[in-house]
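The values are calculated or read from the model by the stated rules, or taken from the named source; none is laboratory data. Note that the structure is a prediction, hence the values are computed from the model and not measured. Please note: Cβ atoms are built from the backbone with ideal geometry, for glycine as well, and neighbour counts cover all protein chains shown. What goes into the accessible areas is simple: the full protein's heavy atoms, side chains included, and nothing from ligands, DNA or RNA. Shrake-Rupley method; radii C 1.70, N 1.55, O 1.52, S 1.80 Å.
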Amino acid sequence: MRGLILLDLDETLVDREAVLRVWADEVATAAGEPSIAEWLIAHDRQDGKVRQRESFLSGVAGRLGWDTPVEDLLANWPNMFGSRYRLEPAVSEALTHARTLGFRLCVVSNGDAQRQRAKVEAMNLENLVHACVISGEIGVRKPSRRIFEIAAQRAGADLTGDVWVIGDDPVADIGGAAQIGAHGLWVNRNGRDWPSELPPPHATFSQPVAAMEHITAG
Ligand SMILES: [Mg+2]
């Protein structure tokens, strides 16, 4: 075994913003109100974070005049949104390449079990990595050390060897890496500033493939 690579999902392996944009454009077109797409995208976030889905969908229903109960929209959200997730071919190739070289790979995602599972299935991720661990399924979230221990175990590895965490979240992913003594590789797709109050990542990349190459070429 060459080492263990722990990978975040949203905004790391997949550009969630791009998936959201496609969904918003479709909803706006169906509503006959193209200009509403920008509102939908803005409404996705609250105070810089992804808004609670119940609050998001209740706002969307109100704005679009949908009369479907929010709990039904919420139940259907994994199908409406997560099923659209696709891996870019270059990302699939990078994962396959690392696996061929003898790295163990595990996706570690914070989020609701059903929503994240829908994404994992849509991307066929379980055939590309050794395991996928979702916080909503195990009751522990990044940056807790415990979720990384479970991920390592499910991938047939442990945290004592060479470990890398690739992710976009400075606290959950890069802070989590620091907690387990791993190299935190920050994926910064949108050119954000690193929060100055936090210890810096081991390295920064604008795309996940570059982070994977950093590891596999090392
Ligand atoms: Mg993320």
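Before moving on, here are some points about what is shown:
- Alpha-carbon centroids, segment 92-160 and segment 161-218: separation in whole Å: 16
- In this simple spin-label approximation, Ile138 and Thr96 carry label points 7 Å from Cα along the Cα→Cβ vector, and these lie 2.7 nm apart.
- Computed with the Debye formula from one identical point scatterer per Cα of the chain, without solvent, the log10 of I(q)/I(0) at q = 0.11 Å⁻¹ comes to -0.55.
- Angle between the chain longest axis and helix 89-100 axis [Cα atoms, degrees, rounded to 10]: 30
- Computing FRET efficiency as 1/(1 + (r/R0)^6) for Arg154 and Asn188, where r is the C-beta to C-beta distance and R0 is 35 Å, gives about 0.80.
- Two-site FRET efficiency, Glu213 against Ala30, from Cβ-Cβ distance with R₀ of 41 Å, rounded to 0.05: 0.55
- Percent of Cα pairs exceeding the 16 Å cut-off, where the set is segment 112-218: 62
- With the biggest extent put first, the Cα atoms of segment 16-84 measure 27, 26, 24 Å across the principal axes.
- In this simple spin-label model, placing a label point 7 Å from the Cα along the Cα-to-Cβ direction at both Asp47 and Val171 gives a separation of 1.0 nm.
- Using a probe of 1.4 angstrom and keeping all protein chains present, the accessible surface of segment 16-84 works out to 55 square angstrom per residue.
- Inter-label distance for Glu38 and Arg146, nm, one decimal - labels placed 7 Å from Cα along Cα-to-Cβ: 4.5
- Packing rank of 171-179, 102-110, where each peptide gets the mean count of other beta carbons within 10 Å, highest leading: 102-110, 171-179
- Percent accessible area from carbon and sulfur atoms, segment 51-141, protein chains only, probe 1.4 Å: 43
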